[in-house]
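Everything below concerns the one structure shown next.
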Amino acid sequence: MEAIHILVVEDDSAINALLCRVVSDAGYDCRGAFSGSEAALLAEKYDYDLILLDLMLPGLSGEEFIRQVRKGKTMPVIVLSAKAGLEDRVNVLRLGADDFIPKPFDNAEGLARIEAQLRRYKKFSGLSGGTVLRWGELTLDRERIIVSVAGQELTLTAREFEILALLMEDPKKVYTREQIYERVWGEEYMGDDNTVNVHISNLRAKLSKASEREYIKTVWGIGFKMAEEARA
């Protein structure tokens, strides 16, 4: 069985050691980093399957680390932070985090969230079948895990890729936020629109940088679908 590598980024040595012990006891390979700068160097040098990230870090803040790592990496990033306000949660999701766990947290819940993220990431990484989806100048290659607009390759997170693939598989269908959440996150929808909205917003922003066309249309009061005008 291939080892799962997790990077724990936490400047408090006691908390870092605790998280590494929880992760290691669950059978994962764990490495600790104690500053954002150290974590950035490690993430550039090695391939991790998941990152646990505190926000208040010396050297490079957690927010800046997310911005940097999302320039070329798609692994899940779970934020662990005492900054648990709505604005903080939305901000890190917009930056590219996949989940947010407020401190203090239960170790069993934290481990369950890690396992859920790894399941989805491995499913995303193992997509096969050679299916290439196209919508106008937008192309999504499920086998090579590549999205491009007019030949310009985009860097998407696993969640953004899955959302786009879902919409492109049935481009005329309007997907509700509940349907998107349950299909992409694989969890029961609890009525929180922020998570889906933020990921859709991030996806739109990346598409708009490559093309002036709007590829994802909001159907007010219902949800989202592919924009017909972008197909021409």
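Bear in mind these aren't lab numbers, they're just calculated from the coordinates by the rules spelled out. These numbers were taken from a predicted model, which means no experiment stands behind them. Note: ideal-geometry Cβ built from the backbone for every residue, glycine included; neighbour counts use all protein chains shown.
Summary table
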item: Given K83/K122; K103/K225; K83/K225; K45/K209, the pairs whose alpha carbons are separated by over 31 Å; result: K103/K225; K83/K225
item: Kirkwood Rh (inverse of mean 1/r, distinct Cα pairs), segment 157-229, angstrom; result: 12.4 Å
item: Expected 222 nm ellipticity per residue - DSSP helices of 4 or more, -39500 (n - 2.57), all of the chain, to 500; result: -13000 deg cm²/dmol
item: Sequence ranges 12-22, 159-169, ranked by mean other-Cβ count within 10 angstrom, highest first; result: 159-169, 12-22
item: For L7, net neighbour charge (Lys/Arg +1, Asp/Glu -1) across residues whose Cβ lies under 13 Å away; result: -4
item: Shape of segment 1-131, Cα gyration tensor, a/c cut at 1.5; result: rounded
item: Geometric extent, Cα atoms of segment 129-191 - Rg, Dmax (angstrom); result: 12.4, 38
item: Shape box of segment 108-232 [Cα atoms, principal axes, largest first, Å]; result: 49, 35, 24
item: DSSP H segments from the chain that extend 15 Å or more along their own axis, Cα-based, with Kyte-Doolittle mean of 0.0 or above; result: 13-25, 158-169
item: Segment 39-104, Cα convex hull volume normalised per residue, Å³; result: 77 Å³
item: Assigned charges on the beta-carbon of Lys, Arg, Asp, Glu; segment 1-140 dipole about Cα centre (debye); result: 520 debye
item: Rounded to whole Å, sorted largest first: equivalent-ellipsoid semi-axes of the chain, Cα gyration tensor; result: 31, 18, 17
item: Extension reserve of the E188-V219 stretch, reckoned as 0.36 nm per residue once the Cα distance is removed; result: 8.9 nm
item: Highest to lowest packing among 183-193, 147-157, 198-208, scored as the average C-beta count within 10 Å; result: 198-208, 147-157, 183-193
item: Projected area averaged over orientations for segment 21-75, convex hull of C-alpha atoms, nm²; result: 3.7 nm²
item: Listed residues I6, L111, Y46: farthest to the positive end of the dipole of the chain (Cβ charges); result: Y46
